[in-house]
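See below for the structure under consideration.
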Amino acid sequence: MHLFVSFMLRAASIFVKDRVVHAHIGIGCKIAVVMFIYFLATNYYWILVEGLYLHSLIFVAFFSDTKYLWGFTLIG
């Protein structure tokens, strides 16, 4: 859920940044760019967190005693 919210906030910040930059507003331009970079960084952070979560799920399934991963591989 957080990943999709970060995608939406990043997209909204792109629209706000473009509108403010093309309107040539002084301090608002700097704030808009900083907010854009912040939302971009949070988006990459949540992608990293999702990747680590999926890695841990595969790692647990692969090295557990029940060996669920082999069954999933055969079904796939």
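The values are calculated or read from the model by the stated rules, or taken from the named source; none is laboratory data. Only a predicted model underlies this, so the values are computations on that prediction, with no experimental measurement involved. Cβ sites come from the backbone with ideal geometry, for glycine too, and all protein chains shown count toward neighbours. For accessibility, only protein heavy atoms count, side chains too; no ligands or nucleic acids. Shrake-Rupley method; radii C 1.70, N 1.55, O 1.52, S 1.80 Å.
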- [ ] Scan segment 27-63 residue by residue and report those that are at pLDDT 85 or above and among the small types (Gly, Ala, Ser).
- [x] 28, 32, 41, 51
- [ ] Mind counting the residues in segment 35-66 that are open to solvent by 80 Å² or more (accessible area, probe 1.4 Å), over 13 Å from residue 9 (Cα atoms) and either in contact (Cβ under 8 Å) with a residue 40 or more places away in the chain or among the β-branched types (Val, Ile, Thr) (or both)?
- [x] 3
Task: Filtered residues of segment 5-26 (kept if open to solvent by 100 Å² or more (accessible area, probe 1.4 Å) and at pLDDT below 90) - done: 22, 24
Open item on the list: Show the residue pairs meeting these rules: Cβ distance below 8 Å; 6+ apart or different chains; first residue within segment 10-28 and among the polar types (S, T, N, Q); second residue surrounded by 14 or more Cβ atoms within 10 Å (Cβ to Cβ).
Closed with: 13/32; 13/35; 13/36; 13/39; 13/40
